[in-house]
Amino acid sequence: MIKVKVLMISFMLVFFAGCFPSSDLNKQEVLLQGRTMGTTYNIKVVIENNAIDTKQVHTGIDALLVQLNQEMSTYIVDSELSRFNTSTSLTPVAISVGLQRVIKEAIRLGQLSEGNLDITVGPLVNLWGFGPEYRPNTIPTAEDLLLARQQIGLSKLVLDGNKLSKKTASLYVDLSTIAKGYGVDLVAEYLEEKGIDNYLIEIGGEMRLKGFKHTGELWHVAIEKPIQDASGEHRSVYQVIIPKDNAVATSGDYRNYHQAKDGQRFSHIIDPATGKPINHKLVSVTVIHPSSMTADGLSTAMMVMGEVKAIDFAEKNGIAAYIIAKTEHGFVEQSTVKFMQYLK
């Protein structure tokens, strides 16, 4: 296949340039790493003539991501979002610029996808054991599902400028389908403010790329083969893409899932229409878009739809998307016309 220098894996495999001599000795690639939102981040920046203090940049990135968590985490009990979720008040409250930005885009994508992306699906996520609450020992009953479904719905969430309110006291917002993508965009904006225009950012598998490696090559990204292996030990490349100055997000059901004692497997992606984990042949969706936040949300919405509806939705809306479905004879991939320009 393709010769690579270093291979790093998250939900996607990312090709980073290795530590080999550059054709331009004044340029170097610096790797900045850390943890955020329950996962890791890996950022490659290209610096010329040591003109930028990368330690200071690293400190700034960490500060941004800490603030993001404090605004949007459902695992931090005193985060801005957690306080909104636990409040039973229906009175509009002023929210931060970041939270407003993410919720506004989530609502837009929810409407665009006809409810397949729903950030109020938190009670169902928790019910199936994929949220901050404990993992249940039994499969939710029909009564449990009915009660949880009565608590959700984007129409029950109102954003008016910087004011956010609920129509029902029990409404619970979960931004896990879009927040990591927003984090990537936030870091990209920060790097560009610092005069860094050649970078690769990856947070928990969501990415954004711009410019070139220090060798003058475009960044390459590899889509992972969707093997159902929760341990993550058996990973391999399925397709290589060159996203150019764009973000890349992949959503899949082959890593994060629960398995019942009877062997039944439950995906972490919940279908708001049924209240249950998705159960179809689509196993992976990759979306390329200028915004990582948007790509993140779209890839999740399309995973909920299933392979036929997902590809139709992407073509109709001009989305650069690549899907992988499982069959009795192996995997089958499809891409939209807009995605084809990025294939290696």
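The values are calculated or read from the model by the stated rules, or taken from the named source; none is laboratory data. Just so it is clear, the model here is predicted, and its values are computed rather than measured. Glycine also receives a Cβ, built like all others from the backbone with ideal geometry; neighbour counts cover every protein chain displayed.
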*Qualifying residues in the range 306-324 (those that are in contact (Cβ under 8 Å) with a residue 40 or more places away in the chain and crowded, with 24+ Cβ neighbours inside 10 Å) - the one farthest from residue 245 (Cα to Cα)*: 324
*asked:* Against the conditions (1) at pLDDT below 95; (2) within 21 Å of the chain's Cα centre (by Cα); (3) not in a loop (DSSP other than H, G, I, E, B), where does residue 129 fall short? Just the number, please.
replied: (3)
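Can you find a residue in the range 291-304 that is over 17 Å from the mean Cα position of the chain (by Cα) and not in a helix (DSSP H, G or I)? Spell out the reasoning first.
Initial filter on the range 291-304 (over 17 Å from the mean Cα position of the chain (by Cα)): none.
No: the range 291-304 contains no residue that is over 17 Å from the mean Cα position of the chain (by Cα) and not in a helix (DSSP H, G or I).
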*Being assigned to a loop (DSSP other than H, G, I, E, B), within 30 Å of residue 75 (Cα to Cα) and either among the polar types (S, T, N, Q) or modelled with pLDDT of 80 or more (or both) is the filter here, so list the residues in the range 9-42 that pass it.*
10, 37, 38
*Using the structure shown, decide if residue 59 is surrounded by fewer than 18 Cβ atoms within 10 Å (Cβ to Cβ), modelled with pLDDT of 95 or more and among the β-branched types (Val, Ile, Thr).*
yes
*Any residue in the range 161-181 that is part of a strand (DSSP E or B), of a type in the set (Lys, Arg), under 18 Å from residue 101 (Cβ atoms) and at pLDDT 95 or above?*
yes
*Among the residues of the range 150-172, which ones are touching a helix residue (DSSP H, G or I) at 6+ places or on another chain (Cβ under 6 Å) and closer than 30 Å to residue 34 by Cβ?*
162, 172
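Is it true that residue 107 is within 20 Å of the chain's Cα centre (by Cα), surrounded by 12 or more Cβ atoms within 10 Å (Cβ to Cβ) and at pLDDT 95 or above?
So residue 107 passes the test.
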*Look through the range 67-84, keep the residues that are in contact with a helix residue (DSSP H, G or I) (Cβ under 8 Å, 6 or more places away or on another chain) and part of a helix (DSSP H, G or I), and return whichever of them is nearest to residue 186 (Cα to Cα).*
68
